[in-house]
1. Take Lys51 and decide whether it is charged (D, E, K, R), under 22 Å from His140 (Cβ atoms) and in contact (Cβ under 8 Å) with a residue 24 or more places away in the chain.
2. Count, please, the residues in the stretch 130-149 that happen to be among the aromatic types (Phe, Trp, Tyr) and within 19 Å of Glu107 (Cα to Cα).
3. Please find, among Ser99, Ser71, the residue that is of a type in the set (Gly, Ala, Ser), under 17 Å from the mean Cα position of the chain (by Cα) and not in a strand (DSSP E or B).
4. From the residues in the stretch 128-155 that are small (Gly, Ala, Ser) and touching an Asp or Glu at 6+ places or on another chain (Cβ under 7 Å), which one is farthest from Gln40 (Cα to Cα)?
5. Conditions first: (1) at pLDDT 90 or above; (2) of a type in the set (A, V, I, L, M); (3) more than 25 Å from Tyr134 (Cβ to Cβ). Val59 passes all but one, so which condition is the exception?
6. Go through the stretch 140-164 and give me each residue that's without any contact (Cβ under 8 Å) to a residue 40 or more places away in the chain and either basic (Lys, Arg) or part of a loop (DSSP other than H, G, I, E, B) (or both).
7. With (1) under 30 Å from Lys133 (Cα atoms); (2) charged (D, E, K, R); (3) in a helix (DSSP H, G or I) as the list, and Arg7 as the residue in question, which single condition is left unmet?
8. Looking at the stretch 74-96, which of the residues that are aliphatic (A, V, I, L, M) and surrounded by 15 or more Cβ atoms within 10 Å (Cβ to Cβ) is farthest from the chain's Cα centre (by Cα)?
Amino acid sequence: MHSSGYRANALLTFSVTILAFMCAIVSFSDNFSNQTPSAQIQILNINWFQKQPPGNDEVSLTLNITADLQSLFTWNTKQVFTFVAAEYKTSENSLNQVSLWDAIIPEKEHAKFWIQISNKYRFIDQGHNLRGKYFNLTLHWHVMPKTGKMFADKIVMSGYRLPDAYR
């Protein structure tokens with residue numbers, strides 16, 4: 001016969017194997033969910049557009065953000081981290097990203113929202129590259145599951161332009 005220690009070890013090993021298998025199935029089931037998030041971002045006002053003393057451009061915007069991210073929530077979703085970034089090109093960098101706003105959405109009930117805010121974080125370019133610059137506003141999200149791998153996606157809204165002169 002086997003000792004009680006050997007039996008406890010076998011039971012624990014079997015239990016952990018079953019738990020790992022269940023977690024893998026839960027994670028795999030997220031691939032079959034129909035995710036159709038939508039978002040719209042409007043610039044209501046350019047509060048100021050100035051050159052800082054060290055020579056950097058700074059912009060303050062008032063944004064109207066409307067989003068429906070409820071389809072990202074499944075029974076395996078713990079929370080969704082979302083942020084709005086301004087993205088533009090310069091001669092030095094092919095992609096510049098500046099985060100303007102972010103939020104953590106803990107529940108599906110909070111995933112459909114409308115918010116009007118000034119940018120939460122400063123929109124600063126290291127240099128004087130923003131005058132007359134076209135840029136995109138992009139809503140990024142990262143879905144953090146209870147088990148399995150985290151995934152991210154985005155919606156890009158293009159066609160925004162900054163003024164040619166400082167205000």
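1. Against the criterion (charged (D, E, K, R), under 22 Å from His140 (Cβ atoms) and in contact (Cβ under 8 Å) with a residue 24 or more places away in the chain), Lys51 does not qualify.
2. 1
3. Ser71
4. Looking at residues that are small (Gly, Ala, Ser) and touching an Asp or Glu at 6+ places or on another chain (Cβ under 7 Å), I get Gly148.
5. (3)
6. Met150, Lys154, Arg161, Asp164
7. Single failed check for Arg7: (1).
8. Looking at the filtered set, the residue picked out is Ala86.
The values are calculated or read from the model by the stated rules, or taken from the named source; none is laboratory data. Keep in mind that this is a model prediction, so the values were computed, not measured. Heads up, the Cβs are rebuilt from the backbone with ideal geometry, glycines too, and the neighbour counts pull from every protein chain shown. Ligands, DNA and RNA are stripped out before the accessible areas are found, and what is left, the full protein with its side chains, is counted by its heavy atoms. Shrake-Rupley method; radii C 1.70, N 1.55, O 1.52, S 1.80 Å.
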